[in-house]
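Peer 1: The structure that follows is given in the form of C-alpha coordinates.
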Amino acid sequence: MTMTEPAASPVQRTPSRKSVLMCRPEHFTVSYRINPWMHPEDPTSTATAVAQWEVLYRTYLDLGFDVQLIDPVEGLPDMVYAANGGFVLDGKAYGASFTYAERQPEGPAYMDWFAAQGYEVHRPVEVNEGEGDFLLVGDVILAGQGFRSASNSHQELASIFGREVVSLQLVNPSFYHLDTAIAVLDDGRGTAPANIAYLPAAFDEPSLEILRERYPDAILVTEEDAAVLGLNSFSDGYNVVIASRAKDFERQLRERGYNPIGVDLSELLLGGGGVKCCTLELRR
Ligand code: ARG
(Lines give C-alpha, C1' and ligand atoms only; values in the text may rest on other atoms or scores of the structure.)
Protein backbone atom coordinates (compact mmCIF):
# COMPACT_ATOMS: atom_id res chain seq x y z
CA MET A 1 0.00 0.00 0.00
CA THR A 2 1.43 3.36 -1.00
CA MET A 3 -1.02 5.68 0.69
CA THR A 4 -0.63 6.38 4.38
CA GLU A 5 -3.52 5.33 6.56
CA PRO A 6 -5.55 8.27 7.79
CA ALA A 7 -5.08 8.87 11.50
CA ALA A 8 -7.87 7.40 13.59
CA SER A 9 -10.35 10.25 13.87
CA PRO A 10 -10.90 11.32 17.45
CA VAL A 11 -14.29 11.05 19.11
CA GLN A 12 -16.86 13.50 17.82
CA ARG A 13 -17.31 15.99 20.66
CA THR A 14 -20.40 18.14 20.96
CA PRO A 15 -20.50 21.32 23.00
CA SER A 16 -23.48 22.00 25.24
CA ARG A 17 -24.63 25.52 26.07
CA LYS A 18 -23.52 26.36 29.57
CA SER A 19 -25.04 28.80 31.99
CA VAL A 20 -22.60 30.30 34.48
CA LEU A 21 -22.28 32.93 37.18
CA MET A 22 -19.24 35.21 37.41
CA CYS A 23 -18.10 38.14 39.58
CA ARG A 24 -15.95 40.95 38.13
CA PRO A 25 -12.82 41.35 40.32
CA GLU A 26 -13.34 45.05 40.97
CA HIS A 27 -12.13 44.67 44.56
CA PHE A 28 -9.51 42.01 43.91
CA THR A 29 -6.31 42.11 45.95
CA VAL A 30 -4.36 39.73 48.18
CA SER A 31 -4.66 41.10 51.70
CA TYR A 32 -4.63 37.83 53.69
CA ARG A 33 -3.20 34.36 53.29
CA ILE A 34 -5.53 31.35 53.38
CA ASN A 35 -3.75 29.18 50.80
CA PRO A 36 -0.08 28.71 49.82
CA TRP A 37 -0.48 30.73 46.60
CA MET A 38 -1.31 33.95 48.46
CA HIS A 39 1.46 36.40 49.45
CA PRO A 40 -0.09 39.55 50.93
CA GLU A 41 3.35 41.20 51.04
CA ASP A 42 3.56 41.12 47.22
CA PRO A 43 1.80 43.78 45.14
CA THR A 44 -1.22 42.91 42.99
CA SER A 45 -2.97 44.89 40.28
CA THR A 46 -6.74 45.08 40.37
CA ALA A 47 -6.72 46.58 36.86
CA THR A 48 -4.76 43.60 35.50
CA ALA A 49 -7.07 41.18 37.28
CA VAL A 50 -10.11 42.88 35.75
CA ALA A 51 -8.54 42.94 32.26
CA GLN A 52 -7.65 39.23 32.42
CA TRP A 53 -11.06 38.34 33.82
CA GLU A 54 -12.71 40.28 30.97
CA VAL A 55 -10.96 37.99 28.49
CA LEU A 56 -12.43 34.95 30.24
CA TYR A 57 -15.86 36.61 30.30
CA ARG A 58 -15.66 37.41 26.55
CA THR A 59 -14.47 33.88 25.82
CA TYR A 60 -17.59 32.46 27.46
CA LEU A 61 -19.84 34.89 25.60
CA ASP A 62 -18.14 33.97 22.31
CA LEU A 63 -18.81 30.30 23.08
CA GLY A 64 -22.49 31.17 23.36
CA PHE A 65 -22.73 30.64 27.11
CA ASP A 66 -25.35 32.39 29.19
CA VAL A 67 -23.21 34.42 31.61
CA GLN A 68 -24.81 35.94 34.70
CA LEU A 69 -23.02 38.45 36.90
CA ILE A 70 -23.19 39.03 40.64
CA ASP A 71 -22.22 42.45 42.01
CA PRO A 72 -18.80 42.43 43.66
CA VAL A 73 -18.78 43.57 47.29
CA GLU A 74 -16.09 45.89 48.61
CA GLY A 75 -13.90 44.25 51.22
CA LEU A 76 -14.43 40.77 49.76
CA PRO A 77 -11.40 40.43 47.46
CA ASP A 78 -11.93 36.68 46.89
CA MET A 79 -15.51 37.07 45.70
CA VAL A 80 -14.22 36.80 42.12
CA TYR A 81 -13.86 33.06 42.78
CA ALA A 82 -17.54 32.47 42.14
CA ALA A 83 -17.18 28.68 42.15
CA ASN A 84 -17.05 28.88 45.94
CA GLY A 85 -20.36 30.73 46.13
CA GLY A 86 -22.47 27.56 46.24
CA PHE A 87 -23.47 24.43 44.36
CA VAL A 88 -26.40 24.70 41.96
CA LEU A 89 -28.31 21.78 40.44
CA ASP A 90 -31.96 20.95 39.63
CA GLY A 91 -33.01 24.52 40.43
CA LYS A 92 -31.67 24.20 43.96
CA ALA A 93 -28.76 26.19 45.37
CA TYR A 94 -26.82 24.80 48.32
CA GLY A 95 -25.19 27.82 49.93
CA ALA A 96 -21.57 28.04 50.98
CA SER A 97 -20.29 28.30 54.53
CA PHE A 98 -16.65 29.33 54.31
CA THR A 99 -13.78 27.86 56.30
CA TYR A 100 -12.04 31.18 56.96
CA ALA A 101 -13.60 34.28 58.53
CA GLU A 102 -12.27 36.48 55.72
CA ARG A 103 -14.60 34.87 53.20
CA GLN A 104 -17.63 34.13 55.37
CA PRO A 105 -19.72 37.14 54.24
CA GLU A 106 -19.58 35.81 50.68
CA GLY A 107 -21.95 32.98 51.63
CA PRO A 108 -25.02 35.20 52.26
CA ALA A 109 -24.12 37.47 49.32
CA TYR A 110 -24.32 34.53 46.92
CA MET A 111 -27.42 33.08 48.62
CA ASP A 112 -29.22 36.41 48.19
CA TRP A 113 -28.39 36.30 44.49
CA PHE A 114 -29.67 32.71 44.13
CA ALA A 115 -32.89 33.59 45.93
CA ALA A 116 -33.44 36.67 43.76
CA GLN A 117 -33.05 34.47 40.66
CA GLY A 118 -35.69 32.06 41.89
CA TYR A 119 -33.47 29.19 43.02
CA GLU A 120 -34.60 27.11 45.99
CA VAL A 121 -31.90 28.12 48.46
CA HIS A 122 -30.63 25.62 51.03
CA ARG A 123 -28.81 27.37 53.85
CA PRO A 124 -25.78 25.30 54.84
CA VAL A 125 -25.34 23.77 58.25
CA GLU A 126 -21.91 22.35 57.46
CA VAL A 127 -18.76 24.13 56.31
CA ASN A 128 -18.47 23.88 52.53
CA GLU A 129 -17.01 25.92 49.68
CA GLY A 130 -19.48 25.09 46.93
CA GLU A 131 -18.36 24.06 43.50
CA GLY A 132 -14.76 24.55 44.55
CA ASP A 133 -15.11 21.15 46.23
CA PHE A 134 -18.22 19.66 44.57
CA LEU A 135 -18.11 18.55 40.96
CA LEU A 136 -21.02 17.00 39.09
CA VAL A 137 -19.82 14.19 36.84
CA GLY A 138 -22.65 12.22 35.28
CA ASP A 139 -25.09 11.24 38.02
CA VAL A 140 -22.44 11.47 40.69
CA ILE A 141 -21.11 14.40 42.69
CA LEU A 142 -17.40 14.15 43.44
CA ALA A 143 -16.74 15.89 46.74
CA GLY A 144 -13.37 17.01 48.10
CA GLN A 145 -12.34 17.16 51.74
CA GLY A 146 -9.12 17.69 53.62
CA PHE A 147 -8.61 21.44 53.46
CA ARG A 148 -11.90 23.29 53.12
CA SER A 149 -15.25 21.51 52.84
CA ALA A 150 -16.03 19.38 55.90
CA SER A 151 -16.86 15.71 55.36
CA ASN A 152 -20.28 16.30 56.98
CA SER A 153 -21.11 18.66 54.12
CA HIS A 154 -20.90 15.69 51.77
CA GLN A 155 -23.89 14.11 53.58
CA GLU A 156 -25.72 17.42 53.54
CA LEU A 157 -25.09 17.66 49.79
CA ALA A 158 -26.36 14.11 49.20
CA SER A 159 -29.54 14.72 51.16
CA ILE A 160 -30.35 17.97 49.33
CA PHE A 161 -29.77 16.70 45.80
CA GLY A 162 -30.52 12.99 46.22
CA ARG A 163 -27.43 12.05 44.23
CA GLU A 164 -24.60 9.72 44.97
CA VAL A 165 -21.76 11.70 46.54
CA VAL A 166 -18.26 10.26 46.28
CA SER A 167 -15.83 11.65 48.87
CA LEU A 168 -12.23 12.21 47.84
CA GLN A 169 -9.38 13.11 50.16
CA LEU A 170 -7.09 15.96 49.09
CA VAL A 171 -3.57 15.76 50.48
CA ASN A 172 -1.54 18.57 48.89
CA PRO A 173 -2.13 22.07 50.35
CA SER A 174 -1.44 23.69 46.97
CA PHE A 175 -4.44 21.80 45.59
CA TYR A 176 -6.78 22.60 48.44
CA HIS A 177 -10.04 22.69 46.48
CA LEU A 178 -11.19 19.73 44.38
CA ASP A 179 -11.44 21.96 41.30
CA THR A 180 -7.68 22.58 41.44
CA ALA A 181 -7.03 18.82 41.22
CA ILE A 182 -9.81 17.57 38.92
CA ALA A 183 -11.23 19.00 35.71
CA VAL A 184 -14.61 17.76 34.47
CA LEU A 185 -14.21 17.32 30.71
CA ASP A 186 -17.57 15.70 30.02
CA ASP A 187 -20.32 16.05 32.58
CA GLY A 188 -22.16 13.05 31.12
CA ARG A 189 -25.24 15.13 30.30
CA GLY A 190 -24.39 15.17 26.58
CA THR A 191 -23.67 12.28 24.22
CA ALA A 192 -20.14 11.48 25.40
CA PRO A 193 -19.57 9.42 28.56
CA ALA A 194 -18.60 11.35 31.68
CA ASN A 195 -14.88 11.93 31.91
CA ILE A 196 -12.35 13.90 33.91
CA ALA A 197 -8.70 14.94 34.07
CA TYR A 198 -6.79 14.91 37.35
CA LEU A 199 -3.50 15.20 39.18
CA PRO A 200 -2.86 11.84 40.91
CA ALA A 201 -0.47 13.34 43.49
CA ALA A 202 -3.24 15.52 44.90
CA PHE A 203 -5.10 12.50 46.38
CA ASP A 204 -4.57 9.80 48.95
CA GLU A 205 -4.36 6.18 47.83
CA PRO A 206 -7.99 5.12 48.53
CA SER A 207 -9.25 8.15 46.58
CA LEU A 208 -6.92 7.32 43.70
CA GLU A 209 -8.33 3.81 43.56
CA ILE A 210 -11.82 5.25 43.22
CA LEU A 211 -10.72 7.59 40.46
CA ARG A 212 -8.86 4.87 38.54
CA GLU A 213 -11.80 2.53 38.74
CA ARG A 214 -14.47 5.04 37.80
CA TYR A 215 -12.51 6.92 35.13
CA PRO A 216 -10.14 4.54 33.35
CA ASP A 217 -9.97 6.95 30.39
CA ALA A 218 -9.16 10.03 32.45
CA ILE A 219 -6.41 12.39 31.36
CA LEU A 220 -3.60 12.48 33.91
CA VAL A 221 -1.94 15.87 34.00
CA THR A 222 1.67 16.67 34.84
CA GLU A 223 2.76 18.37 38.05
CA GLU A 224 3.99 21.22 35.87
CA ASP A 225 0.56 21.85 34.36
CA ALA A 226 -1.16 21.46 37.72
CA ALA A 227 1.26 24.03 39.17
CA VAL A 228 -0.21 26.73 36.91
CA LEU A 229 -3.69 25.55 37.93
CA GLY A 230 -4.10 23.94 34.52
CA LEU A 231 -6.79 21.62 35.89
CA ASN A 232 -8.81 24.57 37.06
CA SER A 233 -10.60 24.67 33.72
CA PHE A 234 -14.12 24.76 32.33
CA SER A 235 -15.44 22.46 29.60
CA ASP A 236 -18.65 22.48 27.58
CA GLY A 237 -17.94 18.99 26.30
CA TYR A 238 -15.91 20.23 23.31
CA ASN A 239 -14.34 23.59 24.16
CA VAL A 240 -12.17 23.45 27.25
CA VAL A 241 -11.08 26.83 28.62
CA ILE A 242 -7.74 26.28 30.35
CA ALA A 243 -4.70 28.17 31.64
CA SER A 244 -2.66 29.05 28.54
CA ARG A 245 0.52 27.89 30.28
CA ALA A 246 -0.74 24.30 30.68
CA LYS A 247 0.91 23.08 27.47
CA ASP A 248 0.94 19.33 27.96
CA PHE A 249 -2.68 19.35 29.12
CA GLU A 250 -3.50 21.33 25.97
CA ARG A 251 -1.79 18.69 23.83
CA GLN A 252 -3.60 15.84 25.56
CA LEU A 253 -6.96 17.57 25.15
CA ARG A 254 -6.34 18.07 21.43
CA GLU A 255 -5.41 14.42 21.01
CA ARG A 256 -8.73 13.42 22.55
CA GLY A 257 -10.72 15.62 20.19
CA TYR A 258 -11.37 18.55 22.53
CA ASN A 259 -10.77 22.16 21.60
CA PRO A 260 -8.58 23.72 24.30
CA ILE A 261 -8.78 27.51 24.58
CA GLY A 262 -5.97 29.08 26.62
CA VAL A 263 -6.49 32.18 28.74
CA ASP A 264 -4.00 33.97 31.00
CA LEU A 265 -5.31 34.60 34.52
CA SER A 266 -1.85 35.07 36.10
CA GLU A 267 -3.04 37.91 38.33
CA LEU A 268 -5.89 35.83 39.76
CA LEU A 269 -3.44 33.00 40.30
CA LEU A 270 -1.88 35.23 42.98
CA GLY A 271 -5.05 34.59 44.98
CA GLY A 272 -4.82 30.87 44.31
CA GLY A 273 -7.50 30.63 41.65
CA GLY A 274 -7.88 30.11 37.91
CA VAL A 275 -10.52 29.64 35.23
CA LYS A 276 -12.83 27.29 37.08
CA CYS A 277 -12.61 29.21 40.35
CA CYS A 278 -14.02 32.22 38.50
CA THR A 279 -16.94 30.16 37.19
CA LEU A 280 -20.01 28.79 38.97
CA GLU A 281 -22.22 26.59 36.84
CA LEU A 282 -25.94 27.27 37.04
CA ARG A 283 -28.14 24.24 36.41
CA ARG A 284 -31.90 24.73 36.48
N1 ARG B 1 -8.19 32.89 47.69
C2 ARG B 1 -9.26 31.97 47.50
C3 ARG B 1 -9.30 30.98 48.67
O4 ARG B 1 -8.26 30.57 49.10
C5 ARG B 1 -9.12 31.23 46.20
C6 ARG B 1 -10.30 30.37 45.88
C7 ARG B 1 -10.12 29.53 44.64
N8 ARG B 1 -11.32 28.91 44.28
C9 ARG B 1 -11.47 27.67 43.83
N10 ARG B 1 -12.63 27.28 43.42
N11 ARG B 1 -10.47 26.83 43.82
O12 ARG B 1 -10.33 30.63 49.17
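The values are calculated or read from the model by the stated rules, or taken from the named source; none is laboratory data. This one's a predicted model, so the numbers in the text were calculated from it and none came from an experiment. Methodologically, a virtual Cβ is constructed for each residue, glycine included, from the backbone with ideal geometry; neighbour enumeration extends over all protein chains shown.
Peer 1: From the residues in the range 78-106 that are of a type in the set (Asp, Glu) and over 19 Å from Glu120 (Cβ atoms), which one is nearest to the ligand (Cβ to nearest atom)?
Peer 2: Top of the filtered list is Asp78.
Peer 1: State whether the residues of the range 175-189 include one that is touching a Ser or Thr at 6+ places or on another chain (Cβ under 7 Å), at pLDDT below 95 and in a loop (DSSP other than H, G, I, E, B).
Peer 2: yes
Peer 1: Restricting the range 49-65 to residues that are farther than 17 Å from Cys277 by Cα and not in a loop (DSSP other than H, G, I, E, B), which is nearest to the ligand (Cβ to nearest atom)?
Peer 2: Only one residue tops the list, namely Leu61.
Peer 1: On the given criteria, is Ser207 over 24 Å from Gly91 (Cα atoms) and surrounded by fewer than 24 Cβ atoms within 10 Å (Cβ to Cβ)? Break it down stepwise before answering.
Peer 2: Working: over 24 Å from Gly91 (Cα atoms): yes; surrounded by fewer than 24 Cβ atoms within 10 Å (Cβ to Cβ): yes.
In short, yes.
Peer 1: For the list (1) in a loop (DSSP other than H, G, I, E, B); (2) more than 14 Å from the ligand (Cβ to nearest atom); (3) closer than 18 Å to Leu185 by Cβ, I need the number of the one condition that Arg245 fails.
Peer 2: (3)
Peer 1: Note down all Cβ pairs under 7 Å where the first residue falls in the range 160-184 and is small (Gly, Ala, Ser), the second is buried (at least 17 other Cβ atoms within 10 Å of the Cβ) and part of a helix (DSSP H, G or I), and they're at least six residues apart or on different chains.
Peer 2: Here the result reads Ser167/His154; Ala181/Phe175; Ala181/Ala202, each pair linking the range 160-184 to a residue that is buried (at least 17 other Cβ atoms within 10 Å of the Cβ) and part of a helix (DSSP H, G or I).
Peer 1: Assess whether Gln68 counts as being touching a residue at least 24 places away in the same chain (Cβ under 8 Å), part of a strand (DSSP E or B) and surrounded by fewer than 16 Cβ atoms within 10 Å (Cβ to Cβ).
Peer 2: Considered against the rule, which asks whether it is touching a residue at least 24 places away in the same chain (Cβ under 8 Å), part of a strand (DSSP E or B) and surrounded by fewer than 16 Cβ atoms within 10 Å (Cβ to Cβ), Gln68 comes out as yes.
Peer 1: Now for a separate question. From the residues in the range 255-270 that are part of a loop (DSSP other than H, G, I, E, B) and surrounded by fewer than 24 Cβ atoms within 10 Å (Cβ to Cβ), which one is nearest to the ligand (Cβ to nearest atom)?
Peer 2: The extreme case among them is Leu270.
Peer 1: Give the residues of the range 16-48 that are hydroxyl-bearing (Ser, Thr, Tyr) and away from the ligand (no atom under 13 Å from the Cβ), sorted by residue number.
Peer 2: Ser16, Ser19, Ser45, Thr46, Thr48
Peer 1: Report, by residue number, each residue of the range 97-112 that is within 17 Å of the chain's Cα centre (by Cα) and in a loop (DSSP other than H, G, I, E, B).
Peer 2: Within the range 97-112, just Phe98 meets the criteria.
Peer 1: Hey, another quick one. Check off (1) within 16 Å of the ligand (Cβ to nearest atom); (2) within 19 Å of Lys276 (Cα to Cα) for Gly146 and give me the number that stays unchecked.
Peer 2: Checking Gly146 against (1) within 16 Å of the ligand (Cβ to nearest atom); (2) within 19 Å of Lys276 (Cα to Cα), the one that fails is (2).
Peer 1: For the range 220-240, does any single residue satisfy the condition of being assigned to a helix (DSSP H, G or I), in contact with a strand residue (DSSP E or B) (Cβ under 6 Å, 6 or more places away or on another chain), surrounded by 20 or more Cβ atoms within 10 Å (Cβ to Cβ) and in contact (Cβ under 8 Å) with a residue 12 or more places away in the chain?
Peer 2: Checked the range 220-240: no residue is assigned to a helix (DSSP H, G or I), in contact with a strand residue (DSSP E or B) (Cβ under 6 Å, 6 or more places away or on another chain), surrounded by 20 or more Cβ atoms within 10 Å (Cβ to Cβ) and in contact (Cβ under 8 Å) with a residue 12 or more places away in the chain.
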